[in-house]
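A short write-up of the structure that comes next.
The values are calculated or read from the model by the stated rules, or taken from the named source; none is laboratory data. Since the model is a prediction, treat every value here as computed from it, not as a measurement. Positions of Cβ are generated from backbone atoms using ideal geometry, with glycine treated the same way; all protein chains shown enter the neighbour counts. Surface areas here come from the heavy atoms of the whole protein model, side chains and all, with no ligands, DNA or RNA. Shrake-Rupley method; radii C 1.70, N 1.55, O 1.52, S 1.80 Å.
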Amino acid sequence: LNRALDMKRQPGSAIKPVIAYAPAMEKLGYMPTTLVLDEKGDFNGYVPKDFSNTYKGWVTVREALSESLNLPAVRTLKDVGVEAAKLYASSVGIPFEKNDTGLTLALGGFTTGVSPLTLCNAFTPFANGGYYSYPSCITSIEDSSGNTVYSRPETKTCVLSKETAFLITSMLESAATEGTARRIKIDGVPIAAKTGTAGNDEGNRDAWTIAYNPDYTICCW
């Protein structure tokens with residue numbers, strides 16, 4: 001089993017920037033200063049809760065994302081619409097099953113899940129000014145005479161505005177300096193990051209961190 005390529009796991013809150021906040025900024029004009037409600041609610045029988053089971057009321061999108069608050073993410077996905085959000089997430093390689101149609105997607109509740117490589121690559125548009133490319137391990141192959149017999153095809157496509165990419169990165173920098181990903185902070189090194197967990201009251205089955213800067217994007221499961 002190649003865990004980077006073939007392992008499918010629940011992404012938890014690590015999916016929030018991809019499935020909720022980036023589509024909301026692109027389609028609804030959300031900003032880091034937009035207020036969202038962190039309060040328990042019932043969404044047609046789906047009753048999510050925050051990790052600490054405490055709620056902050058109205059918070060900014062920046063605070064909601066950097067602190068990984070669950071209810072604001074669910075409400076944001078509801079505002080965007082599940083199908084519209086899936087359309088963007090699909091454009092950056094996130095796979096969905098036919099049963100992936102509910103607001104549970106905001107918190108990483110997938111039927112099957114994602115591989116580390118898939119989740120890692122879904123974050124690259126935030127670092128690349130809105131451009132996504134299919135992942136590849138080989139750039140070119142040359143024969144013994146130095147002739148190029150294979151070159152990686154150009155797959156770069158624009159999936160986000162550079163403004164949205166910049167703002168998402170700014171909020172995830174907050175997550176890395178003062179939010180849920182603050183343990184990976186490195187003095188003098190610019191880092192944007194998002195964490196995510198999936199499990200139950202007995203503990204986590206999955207724990208993720210995705211971090212990036214202009215040079216690298218790294219996913220750890």
Per residue solvent-accessible surface (Å²) - the chain, probe of 1.4 Å: 53 Å²
Charge tally in the Cβ shell below 15 Å around residue 52, where Lys, Arg are +1 and Asp, Glu are -1, residue 52 excluded: -3
Residue 27 paired with residue 166, simple spin-label distance in nm, labels 7 Å along Cα-to-beta-carbon: 2.4 nm
Between 0 and 90°, nearest 10: helix 82-91 axis offset from the chain longest Cα axis: 20 degrees
Computed E for residue 156/residue 43 - FRET, C-beta separation, R0 35 angstrom, nearest 0.05: 0.40
Residue 201 accessible area, assembled protein chains, probe 1.4 Å, Å²: 150 Å²
The stretch 60-124 shape via C-alpha gyration tensor axes, a/c threshold 1.5: oblate
Positive dipole terminus of the chain, leading residue within 170, 213, 127 (C-beta point charges): 170
Accessible area, probe 1.4 Å, largest first, for residues 154, 67, 97, 83: 154, 83, 97, 67
Cβ-derived FRET efficiency at R0 35 Å, residue 186 paired with residue 148, nearest 0.05: 0.40
Estimated distance in nm for a label pair at residue 8 and residue 206, the labels positioned 7 Å out from Cα along Cα-to-Cβ: 1.1 nm
